[in-house]
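Read through the structure below, which is laid out as structure tokens, and then see the notes.
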């Protein structure tokens, strides 16, 4: 755009009627063009005169209270700022021109202040209830996990008991008793196995093994100790294990239990905790 | 008949009053208020169409005059223009705020009673009003309407084009022609405007 284009925009600019984009362009041009600034001032006088078109035949008067309120307010203002009108006469080039976008009131009314305080309180309350919900949710999850574990334990127990029953009920099933040695005199276990070698061990009176340790079952056959699986016991001293007898142990077998590293070993570590006696 | 019974020394007096306000002179602000309350209140009531809102904004305007009087520079404009422009922009801001709140301002202003006591001021206002009314009457209807929508309703050129279902270019031309004609009609009377 050239100077003449801006020149044509000035009457509308004086009415604050330019659309945002035009207004920005006009403002930018005015910064650099003294002639247009002078012309704009004249147009603003014409625009201001339109205020008379708003007067009614018998002009309206504001209530006398408005005058009182204004004078009261400036006294408060004067006390707060130490003086009255601002004297930092920082006179920008177009200080006398008040354009709409510049007029943003930044002071808060009492209602806005209370509104902000109320909003803050509501926000805090929401935050607090959110925290409570989160905590309750976490507790519920923990409870759920605990119950799920219990169910899993119960299921595992049920399965091994069913297996034990199946094994015991199978034709040709045999049962061996294991008793605690002097290391663990109160321990006792029963092992049942069928002809196929499927075996189930039920143990009692065996304290839970220390961390990193487990009980391991041994099959004694042909003068050798063949490794079985490892198992653990619970706080009540009970434990179960399903295992499979090695082929060479099917005909004649003895059983022993030792305490070993939890991954199990290939040859037993003494002492023996339980044995089938013979 | 000149546009403004109160001549140029009144304008000078207003400049002095604004300077005094800038120095913190409360009495000067009270005098400015007494001079301008009727014209500014009339404008605010016309724009806001509510006596209550107009009084509220009038108070805001004079508080701003109190705080910003130091910004006024007589070399860059007349006190009258400065005050009217300030009041109008405040009123348009308020109008937008009210529109945003979906609160439709209602009529109070129209039937409000007035208690003008100063007969001289009364006569002066009546005269200015008459001059402006005559000037506006000489404008073609569509130009007059365009100017009023911009000035009293705070609409931009595009908004006016939409409201009147008129091409934007036509609105621009009407606004510009209307302003040029108005300035011609007011002529020298503008200079003594206060």
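Within segment B:45-57, not a single residue is more than 12 Å from the chain's Cα centre (by Cα), closer than 14 Å to residue B:86 by Cβ and either within 7 Å of another protein chain (Cβ to nearest Cβ) or not in a helix (DSSP H, G or I) (or both). Contact map, segment B:74-86: first residue within 8 Å of chain A (Cβ to nearest Cβ), second residue outside any helix (DSSP H, G or I), Cβ cut-off under 6 Å, separation 6 or more or different chains; pairs are B:76/A:96; B:77/A:96; B:80/B:193; B:80/B:194; B:82/A:96; B:82/B:72; B:85/A:98; B:86/A:98.
Filter segment A:70-90 down to residues that are modelled with pLDDT under 70 and more than 7 Å from chain B (Cβ to nearest Cβ) and give me whichever is surrounded by the most Cβ atoms within 10 Å (Cβ to Cβ). That would be A:81. Looking across segment A:255-276 at every residue that is in contact (Cβ under 8 Å) with a residue 60 or more places away in the chain and part of a strand (DSSP E or B), the one that is nearest to residue A:199 (Cα to Cα) is identified as A:255.
Does residue A:226 satisfy the criteria of being over 20 Å from residue A:157 (Cα atoms), free of Cβ contacts under 8 Å to residues at least 60 places away in the same chain and either part of a loop (DSSP other than H, G, I, E, B) or in contact with a helix residue (DSSP H, G or I) (Cβ under 9 Å, 6 or more places away or on another chain) (or both)? Judged against the criteria, residue A:226 is a match. Taking the criterion of being away from chain B (no Cβ under 12 Å), part of a helix (DSSP H, G or I) and without any contact (Cβ under 8 Å) to a residue 24 or more places away in the chain, the only residue of segment A:1-19 that qualifies is A:4. For segment A:52-69, the set of residues classified as under 60 Å from the mean Cα position of the chain (by Cα) and at the interface with chain B (Cβ under 7 Å from one of its Cβ atoms) consists of A:62, A:63, A:66, A:67, A:69, listed by residue number.
Of all positions in segment A:20-42, at least one carries a residue that is at the interface with another protein chain (Cβ under 7 Å from one of its Cβ atoms), at pLDDT 85 or above and assigned to a helix (DSSP H, G or I).
The values are calculated or read from the model by the stated rules, or taken from the named source; none is laboratory data. Please read all numbers here as calculations on a predicted model, not as lab measurements. Cβ coordinates were reconstructed from backbone atoms using ideal geometry, including for glycine residues, and neighbour counts include every protein chain displayed.
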